[in-house]
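The values are calculated or read from the model by the stated rules, or taken from the named source; none is laboratory data. Please read these numbers as outputs of a predicted model, since none were measured by experiment. Neighbour counts are summed over all protein chains in view; Cβ atoms, including those assigned to glycine, are modelled from backbone coordinates with ideal geometry.
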């Protein structure tokens, strides 16, 4: 692996040092990051953009895949269950609860996704994905502390029919079919586009709990998107979109890890005390209460685990989106109206062992949540070329989260308990928000532009009708039942930015900016009888300073760079506190952890040398330092000791990360085009010792550095529209984990990444 790393780095360096001649050309990419069409090189924001072609070439079929190849970006998914939370430049929150909001605002076709549970919708028939780094509080408002992620579908074509069909088959019998078709119903007036996808099979894990019942982890999802575009006049455009889908996939089974000494004392084993993991000598909770299997009976790559194979989703959703664009001459008026109804149901084996110890059941799912959200936005965008450009807008939204969470303890028979112990939590969370915003740009001279944005946001969030119950067998042992009236509102209502752009040359832009973003406060709504944990935590505020360069030294070379400093107030995070829940002595909850500072440097390079026809190279790298600088908060470590959070490095903030994407294409004949692509990404200790409160915690939760290599070999017919491709994912079979997790009852496990896999893909464009 290290040899591959060195070779890829050497290739990148060699590419930079090779003399250039100005014949090849870097394709211009147009984005709408600032709500108007602009070249990505003219936008004073650090942006990673993936168009339809680059998504295909790199095999990126989900937002999780996209995050894995963007340096400075990590993804937190507590249970490998399709509820990812983005962490951009260290700005993120480790919380598995569906009532929380991401720190990076995720938008599907201008529709804001209010929960991290909504971020697992797949990518198909996509025009592009834009990853905006840094606070975007002016144009995007709430919950854009770390940035914004924009997913934009391919629009209907008013002049001609087009589309594609694609089929794939690969490792463990996984197959997928997707396609789209669209075109004019009335030329230049009315057009449609319909896109569908299904993803099936691919179960790659075996469970020792169910001998002979193998291949767990099958995908089972299907999604539909329909669009209708109507242009009654040259100045008016109406787009209506419907999304519907279901995801009943089996999710990743956890790999149990050892923590306890073999003497039966329920104390940490010697390896844990020394700050390292040793599954060959350390026991899991299941070993102490009945099961003879050790964690070492599993395979390190996660292909064989101890877990009961119950992990699955049962998600369904329907969404509607109406967009009206009206050219008024001096400005474009845009109205956006959306509605989304999403049912999120999850089953999960908390302990990752053969015992029915802590797990979901048919009667007690881990999580069952209904999201209902609507939004209205009115936006007026100037059309003049300057010297003044502007945007003004207003929005209102409401989202309701009706959630049911539960657990069941069924593994105590060997120590005297004969009845199932189970708990339930039901709540309703409602958020109402409205905002007014504006953005301007003014050309002081031909080369100098001052710009800014300002947004006022009003938000009220409440959680009520909260019912917590505890059962022993059929007996209701509930101590507390109905609670009503937890409420929080924004204290810091203003967000936005002020910046200065200097066009130092036709092909070079320097920018400097100050921006403010915020993430709403909220509630930790997991199962607990400790209502002190339900007291609202306040919003976090990020004051960010950034300088950057966007340049094209030649038609063959593009170099972008940025440096930033974040001053966080009331940063949100997870802490372990005392609990009276009746399940354990401690409870991991969400709270304000203190103030924090983040700073870093990023570099993006694209090269298409004329000396090497058909060759292209993209390199991106990030250096990051993110730390809690001032905190009165303390947290319990795994040995029950209280530890201050001050000085703790923030989670999912690897100091170094980079990606290298190399592509070579060549004409085999006049009609046949061959191509080879290699995409490699590397993370330096995503969870290191400096991010954990003690050595014992690091032994359980730390994640080592790892690299990930994808390959694609393709042959395309230029005239007939077909392409056949061989894709390899994690082709070096790197063994790593996506997350280490545990519960407050003493069970620990990690979520393994999928081993090397291969697939064949056929596509026909028409």
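Screening the stretch 284-298 for residues that are in a loop (DSSP other than H, G, I, E, B) and modelled with pLDDT of 85 or more and picking the one that is nearest to residue 270 (Cα to Cα) gives 284.
Scanning the stretch 424-437 for any residue that is assigned to a strand (DSSP E or B), touching a strand residue (DSSP E or B) at 6+ places or on another chain (Cβ under 7 Å), modelled with pLDDT under 80 and buried (at least 18 other Cβ atoms within 10 Å of the Cβ) turns up at least one such residue.
Mind checking whether some residue in the stretch 691-709 is within 25 Å of the chain's Cα centre (by Cα), at positive phi and part of a loop (DSSP other than H, G, I, E, B)? Within the stretch 691-709, not a single residue is within 25 Å of the chain's Cα centre (by Cα), at positive phi and part of a loop (DSSP other than H, G, I, E, B). Of the residues making up the stretch 703-732, those that are farther than 27 Å from residue 764 by Cα, at pLDDT 90 or above and crowded, with 19+ Cβ neighbours inside 10 Å number 3. Checked against the criteria, residue 602 does not count as more than 28 Å from residue 460 (Cβ to Cβ), at pLDDT 95 or above and surrounded by fewer than 19 Cβ atoms within 10 Å (Cβ to Cβ). Of the residues 226, 275, 267, 284, the single one that is surrounded by fewer than 21 Cβ atoms within 10 Å (Cβ to Cβ) and touching a helix residue (DSSP H, G or I) at 6+ places or on another chain (Cβ under 6 Å) is 275. Kindly evaluate residue 226 against the criterion of being modelled with pLDDT of 95 or more and under 30 Å from residue 368 (Cα atoms). Yes; evaluated as a whole, the condition is true for this residue. Residues in the stretch 585-608 that are in contact (Cβ under 8 Å) with a residue 40 or more places away in the chain and closer than 13 Å to residue 540 by Cβ: 590, 591, 592, 593, 594, 596, 598. Only strands (runs of 3 or more DSSP E) whose full extent lies in the stretch 569-643 are considered here, and the ones with at least 1 residues that are closer than 30 Å to residue 662 by Cβ and touching a helix residue (DSSP H, G or I) at 6+ places or on another chain (Cβ under 9 Å) are 586-607, 615-630.
In the stretch 536-554, of all residues being part of a strand (DSSP E or B) and within 22 Å of the chain's Cα centre (by Cα), the one that is nearest to residue 571 (Cα to Cα) corresponds to 540. Among the residues making up the stretch 251-283, those that are under 31 Å from the mean Cα position of the chain (by Cα) and part of a strand (DSSP E or B) are 255, 256. Selection of the stretch 662-690 for residues being closer than 26 Å to residue 75 by Cβ, part of a loop (DSSP other than H, G, I, E, B) and modelled with pLDDT of 90 or more yields only 684. Test residue 385 against the criterion of being over 27 Å from the mean Cα position of the chain (by Cα), over 30 Å from residue 254 (Cβ atoms), at pLDDT below 85 and surrounded by fewer than 22 Cβ atoms within 10 Å (Cβ to Cβ), and give yes or no. In short, yes.
Residues of the stretch 37-55 that are under 15 Å from residue 151 (Cα atoms) and surrounded by 15 or more Cβ atoms within 10 Å (Cβ to Cβ): 47, 48, 49, 50, 51, 52, 54, 55. So, residue 24, is that one closer than 30 Å to residue 756 by Cα and either at pLDDT 80 or above or surrounded by 15 or more Cβ atoms within 10 Å (Cβ to Cβ) (or both) or not? So residue 24 fails the test. Would you confirm, using the coordinates I've provided, whether residue 236 is more than 22 Å from the chain's Cα centre (by Cα) and within 30 Å of residue 180 (Cβ to Cβ)? Yes: the conditions hold for residue 236.
For the stretch 37-103, the strands (runs of 3 or more DSSP E) that sit wholly inside it and include 2 or more residues that are more than 21 Å from residue 139 (Cβ to Cβ) are 73-76, 85-88. Do you know which of the residues in the stretch 607-626 that are surrounded by fewer than 19 Cβ atoms within 10 Å (Cβ to Cβ) and in contact with a strand residue (DSSP E or B) (Cβ under 7 Å, 6 or more places away or on another chain) is farthest from residue 679 (Cα to Cα)? The selected residue is 625.
Report whether or not residue 516 is modelled with pLDDT of 85 or more, in a strand (DSSP E or B) and over 30 Å from residue 569 (Cβ atoms). The answer is no for residue 516.
Within the stretch 474-488, the set of residues being surrounded by fewer than 16 Cβ atoms within 10 Å (Cβ to Cβ) and either at pLDDT 65 or above or part of a strand (DSSP E or B) (or both) comprises 474, 475, 476, 482, 483, 487. Once the stretch 710-742 is narrowed to residues that are touching a strand residue (DSSP E or B) at 6+ places or on another chain (Cβ under 6 Å), in contact (Cβ under 8 Å) with a residue 60 or more places away in the chain and part of a loop (DSSP other than H, G, I, E, B), the residue that is nearest to residue 274 (Cα to Cα) is 734.
Here is a yes/no grid of residues against (1) closer than 27 Å to residue 432 by Cα; (2) at pLDDT 85 or above; (3) surrounded by 22 or more Cβ atoms within 10 Å (Cβ to Cβ); (4) out of contact with any strand residue (DSSP E or B) (no Cβ under 6 Å at 6 or more places or on another chain):
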position	(1), (2), (3), (4)
333	yes, yes, no, no
337	yes, yes, no, no
341	yes, yes, no, no
344	yes, yes, yes, no
357	no, no, yes, yes
360	no, no, yes, no
363	no, no, no, yes
370	yes, yes, no, no
373	yes, yes, yes, no
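Which is surrounded by fewer than 22 Cβ atoms within 10 Å (Cβ to Cβ) and at positive phi, of 201, 141, 147, 134? One residue alone meets the criteria, 201.
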